[in-house]
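Here is the structure we will look at, set down as structure tokens.
The values are calculated or read from the model by the stated rules, or taken from the named source; none is laboratory data. Predicted, not measured: the structure shown is a model, and the values here were computed from it. Cβ atoms come from the backbone with ideal geometry, glycine included; neighbour counts cover every protein chain shown.
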Amino acid sequence: MNSKFNKEDLKFNLPDYILKKIGDSELVSEIENELKVNSEFKKEYEELKRTFNFLNAAEFENLSESYFANLPVKINRRLETKDSLSFWKKLSMFWKILIPSVPIILIAIFLFNNFSEDNIDQSLRNKIKENKSVESHDTNESNPTNNEDKNKIENKETVNINEKKQDSNDLAKVNKFIKKNNKNYKSIRKNKVDAITEENEDITDLLNPFADNLDDQETDEDEESLFYSTDDDTETLENEFLNLTPEQQKEILDNLNQAQI
Amino acid sequence: MADINLNINSDDNELIKAFNDGNQNAFNYIVRKYQKKVYWSIRKMVLNHDDADDLTQEVFLKLYRSLKDFRGESKFFTYIYKIAINYSLNHLNKNRKINMRKVDIENAVLKSFDKKADEMLEASQRTKILEEAIESLPVQQRAVFNMRYYDNLSYEEISIILNKSVGGMKANYFHAIKKIEKILKSKNFEILETN
């Protein structure tokens, strides 16, 4: 006889059968038949029944009615408290979200700053490149023969450098000649000064035979100072030489070379 | 709004409608109507009075805020029960307060002054074993056992509340009772033989 309930279905419905909670009559008869023929099923039934006997006898502690009389009051009180805290609760929720997100925001700002600086640097580099390319482009447009002009400029610069070198060499030469031949220059100058002085004395004697010659009061030392060049004189000569035109400077140098002074 | 016709025995839909219309007293009637059921449902789950008291208040607070969203697709008590069970399950998953149970057993002995001393002792022992047995159940089995045995909910209602299959709920119930039986055997407790 085929049954629509399997043994597991019958087993799981035993508790309800014991407590008489099964409404399906067919199921009830199936269980009763199984109890008659199956000893293990019957043993299962007996053990479940004993358990339910215990459960029926066991109780949880009773509570006094005053607890339930006060419970609605406690609930209303809690309702009022919760409503007043809702604002603060919302604020705390806000902080619960904000505080953990602060490090993330800071990291994002940091990364953004670094990234943006890189961008700036990159943009600057690009601009520099563009400017260079524009300059070179302009240079190309104004000077079709770029290489020739470069050579001219380089040559001009070389000439300027060489000229400067020549000037400094000449100046050194002049100083060298002056210092080296200072003595000879002194003697030549003295001879010339003496010649001029004699001429002046003759003229003075002619003009004023009885006047004192105030020049006599000058010391020999002073006279000598007129004849001999000093370091100050050297510097003055240098300045004078430098103030001359290049052509004049060249003429003097040629003369000095020829005189071999 | 006049609440002359409203009382604790009023129809659930009437109470809900009155509350949604602004009658705060209607909510008080709802609380008084279901507070014991809610409390004991929670109490049998958490097995501790203080926790049950706190959770019962939270359940009714939740109900207060969500009552306007109740569409009447299920029984009103099933709706409340679902909230109560969810709060209990969440509580059990967070906390496991075994020691608190011992305090309640001592209080039960002191309060049971109508019984003789030996009966009181046996009653306290029985309560202790009962709570120990229920506490030994996995959370879902505990919920199914309490709803079926103590609250007499149908398997269909239990399956809706827990969002599980009907067949699964039957199996859970059977295994819960078998587990309680095992605890009783381990305690060598003399089970009363009654017809």
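Values as computed for the structure displayed
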quantity	calculated
Residues within the range B:6-59 that are facing chain A (nearest Cβ under 9 Å) and within 20 Å of residue B:150 (Cβ to Cβ), tallied	10
Options B:93, B:86: the member that is part of a helix (DSSP H, G or I), more than 11 Å from chain A (Cβ to nearest Cβ) and at pLDDT below 90	B:93
Filtered residue count, the range B:15-32, keeping only those that are farther than 12 Å from residue A:75 by Cβ, in contact (Cβ under 8 Å) with a residue 12 or more places away in the chain and not hydroxyl-bearing (Ser, Thr, Tyr)	10
Boolean, residue A:101 is under 60 Å from the mean Cα position of the chain (by Cα), at pLDDT below 85 and more than 11 Å from chain B (Cβ to nearest Cβ)	no
Test: residue in the range B:180-193 that is more than 12 Å from every other protein chain (Cβ to nearest Cβ), closer than 24 Å to residue B:87 by Cα, at pLDDT below 95 and surrounded by fewer than 22 Cβ atoms within 10 Å (Cβ to Cβ)	no
Breaking point among (1) in a helix (DSSP H, G or I); (2) of a type in the set (D, E, K, R); (3) more than 8 Å from chain A (Cβ to nearest Cβ), for residue B:126	(3)
Filter result for the condition that a residue is part of a helix (DSSP H, G or I) and more than 60 Å from the chain's Cα centre (by Cα), over A:52, A:60	A:52
Number of positions in the range A:58-90 that are facing chain B (nearest Cβ under 7 Å), closer than 20 Å to residue B:28 by Cβ and at pLDDT 80 or above	7
Residue identified as hydrophobic (A, V, I, L, M, F, W, C) and in contact with an Asp or Glu (Cβ under 8 Å, 6 or more places away or on another chain) among A:5, A:68	A:5
Extreme residue, farthest from residue B:155 (Cα to Cα), among residues of the range A:29-50 that are aliphatic (A, V, I, L, M) and touching a helix residue (DSSP H, G or I) at 6+ places or on another chain (Cβ under 7 Å)	A:35
Residues satisfying the stated conditions in the range A:12-31, i.e. in a helix (DSSP H, G or I), within 11 Å of chain B (Cβ to nearest Cβ) and in contact with a Phe, Trp or Tyr (Cβ under 7 Å, 6 or more places away or on another chain)	A:12, A:14, A:15, A:18
Condition check for residue A:34: more than 10 Å from chain B (Cβ to nearest Cβ), touching a Phe, Trp or Tyr at 6+ places or on another chain (Cβ under 6 Å) and not polar (S, T, N, Q)	yes
